[in-house]
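Following: one structure in structure tokens, then a few remarks.
The values are calculated or read from the model by the stated rules, or taken from the named source; none is laboratory data. Worth saying up front: this structure is predicted, and the values here are computed from it rather than measured. Note that each Cβ is placed from the backbone with ideal geometry, even for glycine, and that neighbours are counted across all protein chains shown. Just the protein is used for accessible areas: all its heavy atoms, side chains included, with ligands, DNA and RNA removed. Shrake-Rupley method; radii C 1.70, N 1.55, O 1.52, S 1.80 Å.
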Amino acid sequence: MSKANAIALIVIILVLCAGAAALYRLDTGRGDRTSGSVSARSASD
């Protein structure tokens, strides 16, 4: 594996980890998005 490929692989892994951490914080923060969408859906039913 060349040096450029190794650096690219490390960058891709770091970006994926950062994105996963951001989604985890959004989804488990206060639950506003989830509870809001559930309540809106049940209200329309």
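Say whether the condition of being modelled with pLDDT under 90, open to solvent by 90 Å² or more (accessible area, probe 1.4 Å) and touching a helix residue (DSSP H, G or I) at 6+ places or on another chain (Cβ under 9 Å) is met by at least one residue in the range 16-26. Yes - at least one qualifying residue is present in the range 16-26. Against the conditions (1) exposed (fewer than 10 other Cβ atoms within 10 Å of the Cβ); (2) of a type in the set (V, I, T); (3) at pLDDT 75 or above, I12 satisfies every one except (1).
Checked against the criterion of being loosely packed, with under 10 Cβ neighbours inside 10 Å, assigned to a helix (DSSP H, G or I) and at pLDDT 55 or above, the candidates A4, A43 yield just one match: A4.
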